[in-house]
């Protein structure tokens, strides 16, 4: 068969497939000289039409025609829908799932670090308030009698949070507290990482997660543990090591005093007791404020501290209990052992 000329191939590029836009007028759009000679052209294979599709489109544009795309030519003039196949969709979903599994832990860790930093900033406000109160009250430590329904003046902040009731959400107690003029925002009294506990399916909100070391400002006088009523008395342990404010677990907090064992004996590990429970919110620890005003994160070492029950619990040999005692008060070894 005689090979068609370039003009013939261009012509077949125009005629071998119907136009997607105006199929009924495909011959009517041709110049009269080409339309007359179209009937005499030999049959060209579809591969020639497809191979010369670029030439055909250029020729069509030069005559002002609207040429079909290569995809339309190869598919017999049918427009491609451009949709994803099922396999492609599954691949995309799988990739998204992998990326999410990689990013979500990083985002969660970043959120936890941000909350820990915010809590640390809040605790610094309380460390500053402790010092400002002493400056305004002749070096006095905040009053810190423990128990339920203790009036302001005998305790530094009112409210019993041990049971559901109006005290648990009463922010007025916070504003009227001994340091209410120094810590004016109620939201600072609660760690941003804490979550309200649920008891029997009921949400039990708390406005406060901060307590004061029971040996600071306590009216109790015992021979086996030192209590501090003036800031200048805080020498053993030093102000940089003396615990003042502690984050307490939101589901165990009650009064404003962070209770510790009074008749503690460092030489008898079998008798050690964990009373009030420190928070376990920041990498397994809690932010603590010290008498010199600085704040640091203490990570608890003993798993029993991190999973302690609500009530007082004997914890023989728990080094976290020992650490809190060493930073909470000072004891003379020969006087240890008297009853609370």
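The values are calculated or read from the model by the stated rules, or taken from the named source; none is laboratory data. Please read all numbers here as calculations on a predicted model, not as lab measurements. When we count neighbours, we look across all protein chains shown, and the Cβ atoms used for this are built from the backbone with ideal geometry, even at glycine.
So in the stretch 201-213, with the set limited to residues that are in a loop (DSSP other than H, G, I, E, B) and more than 20 Å from residue 123 (Cβ to Cβ), which one is modelled with the lowest pLDDT?
Taking the stretch 201-213 first, the residues in a loop (DSSP other than H, G, I, E, B) are 201, 204-209.
Next, only the ones that are more than 20 Å from residue 123 (Cβ to Cβ) stay: 201, 204-205.
Details: 201: 77, 204: 86, 205: 92.
Selected residue: 201.
Has the stretch 116-126 got at least one residue that is in contact (Cβ under 8 Å) with a residue 40 or more places away in the chain and part of a loop (DSSP other than H, G, I, E, B)?
At the first step, the residues of the stretch 116-126 found to be in contact (Cβ under 8 Å) with a residue 40 or more places away in the chain are 116, 118-120, 122-126.
Those still in the list that are part of a loop (DSSP other than H, G, I, E, B) too: none.
Checked the stretch 116-126: no residue is in contact (Cβ under 8 Å) with a residue 40 or more places away in the chain and part of a loop (DSSP other than H, G, I, E, B).
Quick one: residue 261 ticks every box in (1) farther than 23 Å from residue 124 by Cα; (2) touching a helix residue (DSSP H, G or I) at 6+ places or on another chain (Cβ under 8 Å); (3) not in a loop (DSSP other than H, G, I, E, B) except a single one, so which number is it?
So the condition that residue 261 fails would be (3).
Might you check whether a residue that is crowded, with 17+ Cβ neighbours inside 10 Å, assigned to a loop (DSSP other than H, G, I, E, B) and touching a helix residue (DSSP H, G or I) at 6+ places or on another chain (Cβ under 9 Å) occurs anywhere in the stretch 133-145?
Taking every residue of the stretch 133-145 in turn, at least one turns out to be crowded, with 17+ Cβ neighbours inside 10 Å, assigned to a loop (DSSP other than H, G, I, E, B) and touching a helix residue (DSSP H, G or I) at 6+ places or on another chain (Cβ under 9 Å).
Is it true that some residue in the stretch 169-190 is in a strand (DSSP E or B) and under 19 Å from residue 250 (Cα atoms)?
Going through the stretch 169-190, the residues in a strand (DSSP E or B) turn out to be none.
No: the stretch 169-190 contains no residue that is in a strand (DSSP E or B) and under 19 Å from residue 250 (Cα atoms).
Only one of these is at pLDDT below 50 and over 46 Å from the mean Cα position of the chain (by Cα): 71, 67. Name it. Before the answer, list the steps.
Working: 71 fails: at pLDDT below 50.
So the residue among 71, 67 that is at pLDDT below 50 and over 46 Å from the mean Cα position of the chain (by Cα) is 67.
Name the pairs whose Cβ atoms lie under 8 Å apart, with the first residue in the stretch 218-231 and at pLDDT 95 or above, the second surrounded by 19 or more Cβ atoms within 10 Å (Cβ to Cβ) and in a strand (DSSP E or B), and 6 or more positions between them or separate chains?
From the stretch 218-231, the pairs are 218/144; 218/257; 227/216; 228/216.
Of the conditions (1) touching a helix residue (DSSP H, G or I) at 6+ places or on another chain (Cβ under 9 Å); (2) under 19 Å from residue 142 (Cα atoms), residue 211 clears all except one; give me its number.
Unmet condition: (1).
Just a yes or no: is a residue in the stretch 149-168 over 30 Å from the mean Cα position of the chain (by Cα) and surrounded by 22 or more Cβ atoms within 10 Å (Cβ to Cβ)?
Just the residues of the stretch 149-168 that are over 30 Å from the mean Cα position of the chain (by Cα), to begin with: 149-156, 158.
This time we only want the ones that are surrounded by 22 or more Cβ atoms within 10 Å (Cβ to Cβ), so: 155-156.
Yes, some residue in the stretch 149-168 is over 30 Å from the mean Cα position of the chain (by Cα) and surrounded by 22 or more Cβ atoms within 10 Å (Cβ to Cβ).
Within the bounds of the stretch 188-200, is there any residue that is at pLDDT 95 or above and either more than 29 Å from the chain's Cα centre (by Cα) or surrounded by fewer than 14 Cβ atoms within 10 Å (Cβ to Cβ) (or both)?
Within the stretch 188-200, none of the residues are at pLDDT 95 or above and either more than 29 Å from the chain's Cα centre (by Cα) or surrounded by fewer than 14 Cβ atoms within 10 Å (Cβ to Cβ) (or both).
Inspect all residues belonging to the stretch 257-267 and state whether any of them is farther than 20 Å from residue 222 by Cα and touching a residue at least 12 places away in the same chain (Cβ under 8 Å). If you could, list the steps in order and put the result at the bottom.
The first filter runs over the stretch 257-267 and keeps only residues farther than 20 Å from residue 222 by Cα, leaving none.
No, the stretch 257-267 contains no residue that is farther than 20 Å from residue 222 by Cα and touching a residue at least 12 places away in the same chain (Cβ under 8 Å).
Here is a check on your reading of the model: is residue 245 in contact with a helix residue (DSSP H, G or I) (Cβ under 7 Å, 6 or more places away or on another chain), closer than 15 Å to residue 328 by Cα, part of a loop (DSSP other than H, G, I, E, B) and in contact (Cβ under 8 Å) with a residue 12 or more places away in the chain?
Numbers: in contact with a helix residue (DSSP H, G or I) (Cβ under 7 Å, 6 or more places away or on another chain): yes; closer than 15 Å to residue 328 by Cα: yes; part of a loop (DSSP other than H, G, I, E, B): no; in contact (Cβ under 8 Å) with a residue 12 or more places away in the chain: yes.
The answer is no for residue 245.
What number of residues within the stretch 268-294 are out of contact with any helix residue (DSSP H, G or I) (no Cβ under 8 Å at 6 or more places or on another chain), touching a residue at least 60 places away in the same chain (Cβ under 8 Å) and either in a strand (DSSP E or B) or within 24 Å of residue 154 (Cβ to Cβ) (or both)?
1
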